[in-house]
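The values are calculated or read from the model by the stated rules, or taken from the named source; none is laboratory data. Please read all numbers here as calculations on a predicted model, not as lab measurements. Note: ideal-geometry Cβ built from the backbone for every residue, glycine included; neighbour counts use all protein chains shown.
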Amino acid sequence: MIGVDIGGSHITAAIIDFRSHSVVDHSRVRSHVNTHGTKEDILASWISVLKNIIGNHSPDEILLGIAMPGPFDYKNGISLIRNMNKYESLYLTDIKAVLIEQLGLLSENIIFRNDAEAFLHGEVNGGNALGFNRAIGITLGTGLGSAVSIAGKTTDANLGISSFKHGIAEDYISSRWFVKRYEELSGKKVKDTKALVDLYESDPIVPVLFNDFARSLTDFLFPFINAYDAEVVIIGGNIAKAHPLFLNKTQGALRQQGIRAELRITALWEDAAMLGAAYSHATGILTS
């Protein structure tokens, strides 16, 4: 079984061991992907990584579980991504057909799963949501992913596009919010959230940004947690790596509002999505 995580700027693939609920040591293959590249360039990057990990195995033996950002036709394997500042050139591309043609895989052996849903399912089965009956997960990165797991069944919540403040949740809870807001306040451009973390001690605007982000995250999580009576919230994505700058503030604000759910940073990082995607085969889950 091979689990694959396709992010906004990378693809990672690994062999999954279901007995240990983990990625097989030294099997991980990762490559940068130019998300703004041509369809041919993006697909070539993906195919190269998959060929590398498949190696000499017979294609009809390969089970492929792929964690893919949306919007996406997960049942048929067709990209519906547009106006999302990533993978625009893949719009309406039949990704499954490309994999079948280029890798010789069987159609029934390829399953796509929403990336946030796969992330949470991986954490439920082998990470920081293990043992909880009611969990929610969010991924904080280029966009905002959200998922719910109840009694082991995990589904995409798709709340990144939900109404929030003067727009949608992703407008305020994402790396692009950090970049845009910093430029508004400082007149200077930065590449990403990591660049802002590096400026935290030297630029007084940056702590203000993280305080504002913590408030937005609190306002987003409060109704989400209540709606599902969640016991734990698992947080992943690149922004989660900066958790010392916002997590305790968010947890404290939620406690003041009577929320008892514990906020936890992912234990598995991108391995979680690969595990969750692979579990789609193991449990016969088909997403739509």
Next item on the list: Could you tell me whether the stretch 62-78 includes any residue that is out of contact with any helix residue (DSSP H, G or I) (no Cβ under 8 Å at 6 or more places or on another chain) and touching a residue at least 60 places away in the same chain (Cβ under 8 Å)?
Entry: yes
Next item on the list: For the stretch 96-123, name all the residues that are in contact (Cβ under 8 Å) with a residue 40 or more places away in the chain, part of a helix (DSSP H, G or I) and crowded, with 20+ Cβ neighbours inside 10 Å.
Entry: LEU99, ASP115, ALA116, GLU117, ALA118, PHE119, LEU120, HIS121, GLY122, GLU123
Notebook entry, point to check: Does ILE239 fit the bill of being aliphatic (A, V, I, L, M), in a loop (DSSP other than H, G, I, E, B) and surrounded by 18 or more Cβ atoms within 10 Å (Cβ to Cβ)?
Noted result: no
Checklist line | Scope the stretch 251-274; condition under 20 Å from the mean Cα position of the chain (by Cα) and part of a helix (DSSP H, G or I); matching residues | finding: GLU270, ASP271, ALA272, ALA273, MET274
Checklist line | Selection count where residues are acidic (Asp, Glu) and in contact with a Gly (Cβ under 8 Å, 6 or more places away or on another chain), scope the stretch 162-217 | finding: 1
Next item on the list: Could you tell me whether HIS36 is loosely packed, with under 15 Cβ neighbours inside 10 Å and closer than 27 Å to ASP192 by Cβ?
Entry: yes
Next item on the list: Might you check whether a residue that is over 19 Å from ILE15 (Cα atoms) and either of a type in the set (Asp, Glu) or modelled with pLDDT under 95 (or both) occurs anywhere in the stretch 47-60?
Entry: no
Next item on the list: For ASN85, indicate whether it is over 23 Å from GLU108 (Cα atoms), surrounded by fewer than 18 Cβ atoms within 10 Å (Cβ to Cβ) and touching a residue at least 60 places away in the same chain (Cβ under 8 Å).
Entry: yes
Note to self: Restricting to the stretch 72-82, name every residue that is surrounded by 20 or more Cβ atoms within 10 Å (Cβ to Cβ) and under 23 Å from SER174 (Cα atoms).
What the structure shows: PHE72, SER79, ILE81
Next item on the list: Scan the stretch 8-35 for residues that are touching an Asp or Glu at 6+ places or on another chain (Cβ under 7 Å) and not in a strand (DSSP E or B) and jot them down.
Entry: VAL24, ASN34
